[in-house]
Structures are given as C-alpha cells and as structure tokens.
1. Identify the residue in region B:160-192 that is open to solvent by 40 Å² or more (accessible area, probe 1.4 Å) and not aromatic (Phe, Trp, Tyr) and, among all such residues, is nearest to the other protein chains (Cβ to nearest Cβ).
2. Got a sec? Which of B:Ile228, B:Ile211 is among the hydrophobic types (A, V, I, L, M, F, W, C) and touching a Lys or Arg at 6+ places or on another chain (Cβ under 7 Å)?
3. Could you go through region A:85-103 and let me know if any residue there is touching a helix residue (DSSP H, G or I) at 6+ places or on another chain (Cβ under 7 Å) and more than 14 Å from every other protein chain (Cβ to nearest Cβ).
4. Looking only at region A:185-232, how many residues end up being within 19 Å of A:Ser91 (Cβ to Cβ), open to solvent by less than 20 Å² (accessible area, probe 1.4 Å) and not aliphatic (A, V, I, L, M)?
5. Provide a single number: the residues in region B:223-237 that are surrounded by fewer than 15 Cβ atoms within 10 Å (Cβ to Cβ) and either closer than 22 Å to B:Ile174 by Cβ or touching a Phe, Trp or Tyr at 6+ places or on another chain (Cβ under 7 Å) (or both).
6. Of these, B:Thr92, B:Thr122, B:Thr71, which one is open to solvent by less than 10 Å² (accessible area, probe 1.4 Å) and either at pLDDT below 90 or polar (S, T, N, Q) (or both)?
7. Could you say which residue among B:Asp218, B:Asp240, B:Asp248 is open to solvent by less than 20 Å² (accessible area, probe 1.4 Å), touching a strand residue (DSSP E or B) at 6+ places or on another chain (Cβ under 9 Å) and modelled with pLDDT under 95?
8. For region A:122-146, give me each residue that is assigned to a helix (DSSP H, G or I), within 14 Å of chain B (Cβ to nearest Cβ) and open to solvent by 40 Å² or more (accessible area, probe 1.4 Å).
Amino acid sequence: RRPPRSTPKPSSAASDVYKRQVHGDYLIDMESIDWSQPIRDGTTIMAVVYDGGVMLGADSRTTGGALIYNRVSDKIEPIHKRIFCLRSGASAHTQKIAQLCRLYIGQLGSELEETPPVYSAAKIIQSFIYNYKSFLSAAMICAGWDPIKGPQIYTIPLGGTLVRENIATGGSGSAYMSGFCDTHYKAGMTRKECRDFMIQSISLAMFRDSSSGGIIRLLDITKDGVSREYISHDQLPLKQNNYSQSCLLYTSDAADEGLGVDLGGR
Amino acid sequence: TTEIYTRSIVGSVRCVQETGYQRRVHGIYIKQSMQYIKDMSDQPEQGFSFENTRRNQFLIEKKVVKEPRYTKTGTTIAGMIFKDGVILGADTRATEGPIVANKNCLKIHYLAPNMHCCGAGTAADCDAVTDMISRQLELIRLNTGRECRIVNAATLMSNYLFNYGGYIGAYLIIGGVDCKGPHIVNVYADGMQTWLPFYSTGSGSLAATAILETSYRDDIPLEEAKEIIVRAIEAGIYNDLGSGSNVDLCVITKGKTEFFRNYVSKNKKMFSMEKAFSFPKGTTKVIKETTVKLAEVKVEDVSSPMEILQLTAQFIKTISVSYTHLRAHETREDLVCRLLLEKKKT
C-alpha cells in the first residue's frame, strides 16, 4: 500500500515569504503550482483499422497538475517493427510497461525467427497492468500488423481487460470525441478517409480537454512499412482561435444591460 | 534451520525453509515451495518499506512527536543542444527552508567523460544516484571497451528511480555527446524520461523555460548558446527565491568536456572583513576551571610519538560543551551560531 503523498506546509511567516513571489503588481502564489502531482499523459489516443492497415493517433501533451512538462511528447511507443502501442495514464508507469514489452517481444521475435504476433504484445501489456493494477495507473492501446491476422488493435484499459477492436480510443479526451466517432466511423475506410477522420476527432478532443493539446502525431502501419507524421497546431481543423474571435463581439455595454450576446462567430 | 525473508506483493512474509512450517506475520501467511523462495531471494529487495508511516502519522496527530522539518531545495537547471554538442547550466544555491544552506554548491555532477548530469530536488539523493550510476557506467565502459551512450545512463537512472516510486527526490537532466550525436534527457523522480532539444527543471524552471522557448533554434553556435543558457539560469536566479548565487556551465562536445565553475558570478558578498579580530589572551576572564581525569595510561616500549597518540586516542572521550560557552573570537570561523533557548510559557 502506498502512503498519501502530501506537499509539506511550513507554518512560519518566514517560509510564507518563500511561497509567494511578487511579480510586478500582483502576487503569484507558488503553492498554486503543485510540484508533487504525478506526471500524467492525460491525453487523447486513438487507433483505427482501415482497408490495408492500421493508423494510430495521439496528441502530445504531458501534464503534471496544471503544468505542462512536455508539449511535444510522443505517446506512440515502438514495440517491434510492425507493433506499436499508445500510452495513457501515469507517464513513468506506461514508459516502463512499454519498455518491458519491447524487451520480451524482442526476445520472442528472436526465438520464433519471425514477426511476433500483435496478440502476444497485447498479452504482455495486459499481464503487467492486470497483475499490478493496484500500483499502476496505465491504460494502453496495442496495435500492429502481423501475417497471421493482418491489422489488429487491442485495448487494455485500467483494470487489465484485453479487448480486440477495429476502432479504439483512450485517455481523458476520448470522452469528448465518442459521439463523433460513433457517428462517423465506418468499416473499411481508405487511408485518406481514415486519416481525415482521425485528425478531425483528435482535434475535437484536444479542443475540449485541457489535458490534451499540442500537435497530433499519426502513425500508419501496413504490411509494407511504417510511416510517421505530425499535424502542427496551425494545420488543425479546429483552432483554439475560434472562440476568441467570437468573443470580440462581446461588449461590456451588453453585459450591463443584461442582454444575451450573440456569438455569431461560433 | 535458516530463515529467508521474502517480500511478496501481498505483504511481508517470513518462511522457514527446511521444515516448511509457516509463521503468521501481520495476519498474512503464505506457504511457499523452496524453489520459489530461492528465486525470490536472488532478487535484491527493492523499494522503501512504508510500514512505519501509519504509526508516525498517529504519533504526529497525538502530538507525541514533532514532524521533522522538510528541506525544500530550490534550483534552476537547464540543458540545451547546440550546433556541436550540449550545454548544461545550473545555479548554485542550496536552501533549507528560508535559509541558504550553501551559497556555492555544485549541481552539475560527473557521469562519464562524455556525459554530465544536472540535479534538482533533494541534494543527497541527486549526489548518491549520480555517483552510483557513474560507477555502473564505468564498469560498462571497462567491460565493453566503448564510450557510454546517454540512453544507457538514462535507462539505468530511470529503472532505479522507478522502483522507489518517486520517493527518491532526484530530478535530473542528463546531457552528453555519444556516437549517435548530442542528447539531453530529463529523468523525473518517478522514472519518466523526456528527450527534448532543451529542457529546464527545478523551482526556477518556469523562468528558465520562458527564455529557452523564445531563444532556442536548431544549430546555435557555441557563444550564443552559452549566452542563452546563462540568461535562462539568471532568469531563475533573479525571479525565484529558491535559486541564486552563481551560474555553473558545462559544455560537452565530441571528445571534449569543459566545465566552467562559477562562469557568471554577479551575486558576490558586498562587504567582508579582511582580517579576523584578534584579542590577546586574558581578554576573557576565566571564572572557573575544571580538570577531568579521563584515564591513566601506562606507555611502555613506544618508538614514536605517533604511537603514543594512537594508544591514548582510545581513552579520550569527547565531552559536549554548550555553545554559549564559546566566544566568537576563540573560534576560527567568522560566525558562531548560538543556541537561542525559547522561553517556556508558564
């Protein structure tokens, strides 16, 4: 069992000075930045099987409380030549699990002298998350291509279940795009359709979820190879600026009069 | 019979190997086969034991024991990749709450000839962990005959720290140049690694990150890179109370490591005495003199005075003396801290 982790609170006046710093005309309370928060990939991760392969997508934000530790993190971890996994949850835990999975799958690949099955990688990840579930906070998606079953996706959420799916979403941002995914997903998309679908849904999630943001990283796995790309913020279909532009219509006179404001720009 | 202590996921278990009978500990007992015990005992015990935390919490709540003071160490450390290699920078203040414990401490630690490591967090943890890892890397270098890679150091570091769940407070930025090029990696106390072209950690990291974010671009020349890191650390020094004093720099390029201790030193002591006070003997009035007989030592067949010293040393006991008996001029230090006894409220 782990004891509760708490920030120490010194009580003397002298150390209160340490807590507050004056910047210009206003005080910044240092305690508002909680340095003891575990670092999480709050995240939006997604994987979709299309006609000919599987595409993985993720945002790129790693947060610790209110602070962003890495705004361009890579949540797509390589496990083998055609097997990758997406990480969400506590960063240290998921990095460790992916590292161990890489180790065991590498050994398996040498023993079998052929491409290891994606199912084996997913099973290894599941065994870690299930057996250590009280200690770990990790939810992962394992996806890849193998000659036996073709493109596959397996989700392993927090408890340690293993489910094979054709479309998988995960992370805190996945809740915001579930409606969109349910409506617009169809089986057997082409590569371009799949790519557009994923970019649109991940940017919807990033727009609404504070733990997701940055750039969209995409990875495409087919039997012929693997290709990576990233979509930077100015190429996103849903820009953060949408809201601020509409807010320019809001004037203080309207507020004083108690009128509703027409945010036509939305 | 031999007892083997094993630590399983469920709890602490003690089993007697030969007879195989069980003992009840904390209400949990597990019968284990001998081979399993042997396998478990080959593994070194990892992680901290938190068995006493409940007892400690109870004692603090009941005000039986006072919680020991937590020493927060503020820091600004930063690392950046430039055209030919890597630059690491750090401030030099070590704090103990509101007091500066060390005005010129060393936060850039040696890992390998081609790698250095900045450490933030608990100073003791950083020193111990980097020391341990640098020795492991030395053994790897001897065994393989090759220069170590940064990824090697990062993996060793994060594997070790992961086992302690973040309770070893070492927040490190490892930087170096190896056969794959220049690298910077931030290893967080819970074992997370972040590989980026520039990074900053510590209480002053927000200020330093602001400078790095605006100034960084690919392939910066050396002089400009030094200036950027110095500005980043100085931003931490002047805007964060936990960081201060001087800036240390370490420039690592292929085949060469340059360490600049106190590269920038703008916070020097303003006034200092050139000569210590000197009072002639007899200035302090001796009120009472006590001689304590410690032991009688008979010395025979001694060849050197050193032997006398060694023989008598075992009989000498140190007697503790209250600080209030010492006068400042009778010691070599500039300052002697005197105990301020709190007045007991009646």
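1. This residue is B:Asn163.
2. B:Ile211
3. Within region A:85-103, one or more residues are touching a helix residue (DSSP H, G or I) at 6+ places or on another chain (Cβ under 7 Å) and more than 14 Å from every other protein chain (Cβ to nearest Cβ).
4. Qualifying residue count for the region: 3.
5. So the answer is 0.
6. B:Thr92
7. On inspection, the qualifying residue turns out to be B:Asp240.
8. A:Ser127, A:Tyr130, A:Asn131
The values are calculated or read from the model by the stated rules, or taken from the named source; none is laboratory data. Fair warning: this is a prediction, and the values are worked out from it, not measured in the lab. Cβ sites come from the backbone with ideal geometry, for glycine too, and all protein chains shown count toward neighbours. Side chains are part of the model used for accessible areas, which takes the heavy atoms of the whole protein and leaves out ligands, DNA and RNA. Shrake-Rupley method; radii C 1.70, N 1.55, O 1.52, S 1.80 Å.
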